[in-house]
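The values are calculated or read from the model by the stated rules, or taken from the named source; none is laboratory data. As the structure is a computational prediction, the values presented were derived from the model and not from experiment. Please note: Cβ atoms are built from the backbone with ideal geometry, for glycine as well, and neighbour counts cover all protein chains shown. Quick note on the areas: whole protein, heavy atoms, side chains included, nothing else; ligands and nucleic acids left out. Shrake-Rupley method; radii C 1.70, N 1.55, O 1.52, S 1.80 Å.
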Amino acid sequence: MGERAPNQVEAGVWVVVLGELSVFTLFFTTFLYYRALSIDLFHASSATLSQTLGLLNTLILLGSSWFVATAVNALREVDRRRRALPHLAGALCCGAAFVAVKVFEYGRAFREGVNVLTDEFYMFYFMLTGIHLLHLVVGMALLGAMALHLRSALATDAEVSETLVGFSSCFWHMLDLVWIILFPLLYLLH
Amino acid sequence: MSTTQPASNLCPRQRSSHRIAVWCGTLFTIGLPLGWGILASFLLPPISPSATPQEVAAFVTEGGILQKLGLMMALACVGGLLPMSAVLGDQMRRMEGARPIWAQTQLACATLTVWLVSAALVFFAAAAFRADRNPELIQLLNDLGWLTFITPVSMIVFWMCAVGAAILSDRGEPSVMPRWVGYLSIWAALLSAPGFAAVLFHNGPFAWSGLLALWIPLLIFIVWWITLTVYLLKAIREEAGISER
């Protein structure tokens, strides 16, 4: 891969990821502020969430991050590049599983008559997990683009775009990080 | 000078017009918060979406002539966005080269923003126009005004992303604007996005009077606009310098 270090990505990738993290930090701070104002309500509503499903999604995302990391690792050496494809497929399956669990969780809440307007806790629960889910779908699209790009690069023996690989993988790890903060904030603090 | 940048042809006369057009944008960024926000007191503090019809009617009645003057001032100033976005589009064309799609997106988004902000202001003006009408109708106009102002974030987000995309795609040497302005634009787009949820809430940070739907997007828009003003003036200066060489 030329003279550049394998994981070297344009500094801009980090700028965008840090920008995203700053926006989520703003959301978390707002959540903690409102939580402090009506702590009993937040405790009571938070207790109704399924910690099992939350934990399941945490494990799924950690697994997906492992797949992404091993895929990027495989890309470091030209003759191992082919191995990155099944790892990317694994990460995409984890992403799809996360979405499925989330849809099941939302569906159950709706059937129990709980929605985004029920109280302040549920407003944050649905908005924050919804915004995270939206980002996750974008992240899956990026991983998919990376897989397609890699497949055509393998077919023509061309170089793999470091910016695409760097951005997609960093973005995915960021999604994992955000969920690892969201999970205790929403599911465990009560 | 790199070959990717088209030859500059900004003569001194055009340079003055471009400068004046950039300063027109300041009319919007100062006139809207000052007229609508402070004189018409829509930001001092913003009326809550959970306010009763009587409270909304009282707000409009107490606003009196000053509120109408503030709205008139804001309505007169919003158009200032258009000349500035023309200069922005012109500079974006230098960044993008021969087929500038982001520059065109940018101009369309700026035009629609002027249209929607004007529409919101007209709804508020209609409420103030007959402040003695049925309070529930006043509340309806107030709702329409706020929702028109806060919720159509889509074109603001695309606008900021288009500017960011053009700046980041600039491969000229020297670049028309620094790359961090491109990243700032994308970050501003992210921070402006939560406004769409104001349709749902009567309280809290995502409601039209809340931190995430109103204050942060308003603040980041002003920061973005000031940055663009500074760097547009710089780009015009540098372009004129190049053509004089």
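A:Arg111 passes every criterion in (1) open to solvent by less than 70 Å² (accessible area, probe 1.4 Å); (2) more than 30 Å from A:Thr29 (Cβ to Cβ); (3) without any contact (Cβ under 8 Å) to a residue 24 or more places away in the chain apart from (1).
Do you know which residues across segment A:15-28 are more than 10 Å from every other protein chain (Cβ to nearest Cβ) and either open to solvent by 70 Å² or more (accessible area, probe 1.4 Å) or in contact with a His (Cβ under 6 Å, 6 or more places away or on another chain) (or both)? Matches in segment A:15-28: A:Thr25 only.
Does segment B:110-128 contain at least one residue that is within 14 Å of chain A (Cβ to nearest Cβ), surrounded by fewer than 17 Cβ atoms within 10 Å (Cβ to Cβ), assigned to a helix (DSSP H, G or I) and touching a residue at least 24 places away in the same chain (Cβ under 8 Å)? No, segment B:110-128 contains no residue that is within 14 Å of chain A (Cβ to nearest Cβ), surrounded by fewer than 17 Cβ atoms within 10 Å (Cβ to Cβ), assigned to a helix (DSSP H, G or I) and touching a residue at least 24 places away in the same chain (Cβ under 8 Å).
So which residues in segment A:146-173 are closer than 16 Å to A:Ile60 by Cβ and open to solvent by less than 10 Å² (accessible area, probe 1.4 Å)? Result: A:Trp172, single match.
Among the listed residues A:Ala84, A:Ala69, A:Ala74, which satisfies the condition of being assigned to a helix (DSSP H, G or I) and either over 28 Å from A:Gly166 (Cα atoms) or at pLDDT 95 or above (or both)? Even if it seems obvious, please write down each step before you answer.
On the way: A:Ala84 fails: either over 28 Å from A:Gly166 (Cα atoms) or at pLDDT 95 or above (or both); A:Ala74 fails: either over 28 Å from A:Gly166 (Cα atoms) or at pLDDT 95 or above (or both).
Sole residue among the options that is assigned to a helix (DSSP H, G or I) and either over 28 Å from A:Gly166 (Cα atoms) or at pLDDT 95 or above (or both): A:Ala69.
The residues of segment B:188-233 that are without any contact (Cβ under 8 Å) to a residue 40 or more places away in the chain and within 30 Å of B:Arg19 (Cβ to Cβ), listed by number, are B:Ala188, B:Ala189, B:Leu191, B:Ser192, B:Leu219, B:Ile220, B:Val223, B:Val230. Going through (1) touching a helix residue (DSSP H, G or I) at 6+ places or on another chain (Cβ under 8 Å); (2) not in a helix (DSSP H, G or I) one by one, B:Ala98 falls short only on (1). Looking across segment B:63-76 at every residue that is at pLDDT 95 or above and not hydrophobic (A, V, I, L, M, F, W, C), the one that is most open to solvent (accessible area, probe 1.4 Å) is identified as B:Lys68. Based on this model, can you work out whether B:Asp90 counts as farther than 19 Å from B:Ala189 by Cα, in contact with a His (Cβ under 8 Å, 6 or more places away or on another chain) and of a type in the set (D, E, K, R)? Yes.
Checked against (1) surrounded by fewer than 18 Cβ atoms within 10 Å (Cβ to Cβ); (2) polar (S, T, N, Q); (3) at pLDDT 95 or above, B:Thr3 meets all criteria but (3). Listed here are the helices (runs of 4 or more DSSP H) enclosed by segment B:138-245 that have at least 2 residues being under 19 Å from the mean Cα position of the chain (by Cα), more than 12 Å from chain A (Cβ to nearest Cβ) and within 30 Å of A:Glu120 (Cβ to Cβ): B:154-169, B:216-244.
When the residues of segment A:33-50 are filtered to those that are in a helix (DSSP H, G or I) and surrounded by 14 or more Cβ atoms within 10 Å (Cβ to Cβ), the one that is nearest to the other protein chains (Cβ to nearest Cβ) is A:Tyr34. Scanning segment B:54-97 for residues that are without any contact (Cβ under 8 Å) to a residue 12 or more places away in the chain and more than 21 Å from B:Leu43 (Cα to Cα) gives a single hit, B:Arg93. Scanning segment B:135-156 for residues that are surrounded by fewer than 21 Cβ atoms within 10 Å (Cβ to Cβ) and in contact with a Gly (Cβ under 9 Å, 6 or more places away or on another chain) yields B:Thr151, B:Pro152, B:Val153.
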